[in-house]
């Protein structure tokens, strides 16, 4: 009996184990039930966004059943922004600028920029490599760029005619001269002489300094005090050099036409700055004046004038040509060098004897060509020196004198030094130049008249 129960128990246990094993195997291999698969693919529905801020909801009253309009705006949590103080950002350099005042030195101006004495001396030496600091004038500007420690990095000095002298201070000191690229503007004017040439030019918005050029070129041919009675027609064409809407340098005449008592006087200056002004009367060549400085501006004429340095009225024994320091100076006629040296008031001088007791003097020179000596023969157009400001002078210029028998004479009226018309009257290019300038003047004047008419309309 016990054995039967034992066998039955073992058989039952084995069956149960077999059934369990079989169920496990079948369960692993069976596919996922559809209900379970559906549950595994379930995704939550997107949250319903709140109504737009301006959307209106209608709520009905139980008593009246009339809609009650309520504006609902979702509240958003207030954002708390932390105020953080940002550190101050400074550039790795500082820039100071100033202008040279009357009586002020460069050292004093650099001191205002905060430079030490040693740095100021270093800056002055660097600028002097490209510019003569003795020529500094009131109004010149300077810009100083320094590191945070106060040492100079860059210094720029602005001088005449837009020129800048720039010095940089790194491992090595470098200095350069920056010359602007200007624009050349040609202008024209057609006016009527009033009581004086100066007043006429001023009223016509023409540089008044051109009156000096007219006196120089036509002084030996026209008596401006007696011949001009008012009402004479005066036509001028000139060139101006502009840089960034500012005029640099001095304007220069290209053409002048003056009609006096039906006589037409014309003066033509070449575009190549040769300095040879050609004078015509009624379309016929009168003479050519060879200037000792090519392309220079006549700054003072022969005769009594108020001295620019001493202020009194005294005789000016020559004519002055304003030009840049170092501009070449040429002999106006062939001759022999009679003197090289210094004379009181004249500075460095070269004198040339031309025969017939005629001598020319070239004063205020900065230097004389090496090898040029007394008794050397020179031809017209030979270089005999450079423009300077030696002697009693307010700036770089050439003082040019003509002396006959030891007495000064007007260089523009002495025909012995002017090129004779007979020597070049066969040169047709001179007359072609006159016709070309006339046409240029007429065309330019027509353009200005048309532009003025358009502005009025």
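A few notes on this one:
- Of the residues making up the range 228-255, those that are under 12 Å from residue 441 (Cβ atoms) and surrounded by fewer than 17 Cβ atoms within 10 Å (Cβ to Cβ) number 0.
- Hits in the range 135-177 - residues which are in contact with a helix residue (DSSP H, G or I) (Cβ under 9 Å, 6 or more places away or on another chain) and not in a strand (DSSP E or B): 135, 136, 137, 140, 150, 151, 159, 160
- Flag for residue 360 being at pLDDT below 85 and touching a strand residue (DSSP E or B) at 6+ places or on another chain (Cβ under 6 Å): no
- Single match in 370, 351 (criterion: within 23 Å of residue 315 (Cβ to Cβ) and free of Cβ contacts under 8 Å to residues at least 24 places away in the same chain): 351
- Residue count for the range 126-152 satisfying the condition of being over 15 Å from residue 101 (Cα atoms), surrounded by fewer than 16 Cβ atoms within 10 Å (Cβ to Cβ) and touching a strand residue (DSSP E or B) at 6+ places or on another chain (Cβ under 8 Å): 4.
- Filter pass, residue 115 being buried (at least 18 other Cβ atoms within 10 Å of the Cβ) and part of a loop (DSSP other than H, G, I, E, B): yes
- All conditions but one from (1) modelled with pLDDT under 90; (2) over 21 Å from residue 299 (Cβ atoms) apply to residue 202; the one that does not is (2).
- Qualifying positions in the range 97-121 - over 16 Å from residue 134 (Cβ atoms) and touching a helix residue (DSSP H, G or I) at 6+ places or on another chain (Cβ under 9 Å): 98, 99, 101, 110, 111, 113, 115, 117, 119, 120, 121
- Test: residue 68 is assigned by TED's automatic domain parsing to the domain that holds residue 174, surrounded by 10 or more Cβ atoms within 10 Å (Cβ to Cβ) and modelled with pLDDT under 95: no
- Of the strands (runs of 3 or more DSSP E) lying entirely inside the range 192-284, those carrying at least 2 residues that are over 28 Å from residue 317 (Cβ atoms) and in contact with a helix residue (DSSP H, G or I) (Cβ under 9 Å, 6 or more places away or on another chain) are 233-243, 252-260, 263-268.
- A single entry from 355, 395, 345 fulfils the requirement of being part of a loop (DSSP other than H, G, I, E, B) and in contact with a helix residue (DSSP H, G or I) (Cβ under 9 Å, 6 or more places away or on another chain): 395.
- Some residue of the range 362-372 being outside the structural domain of residue 136 (by TED's automatic domain parsing), farther than 24 Å from residue 301 by Cβ and part of a strand (DSSP E or B): yes
The values are calculated or read from the model by the stated rules, or taken from the named source; none is laboratory data. All figures in this text were calculated on a predicted structure; none of them were measured in a lab. With ideal geometry, Cβ positions are generated from the backbone for all residues, glycine too; neighbour counts draw on all protein chains shown.
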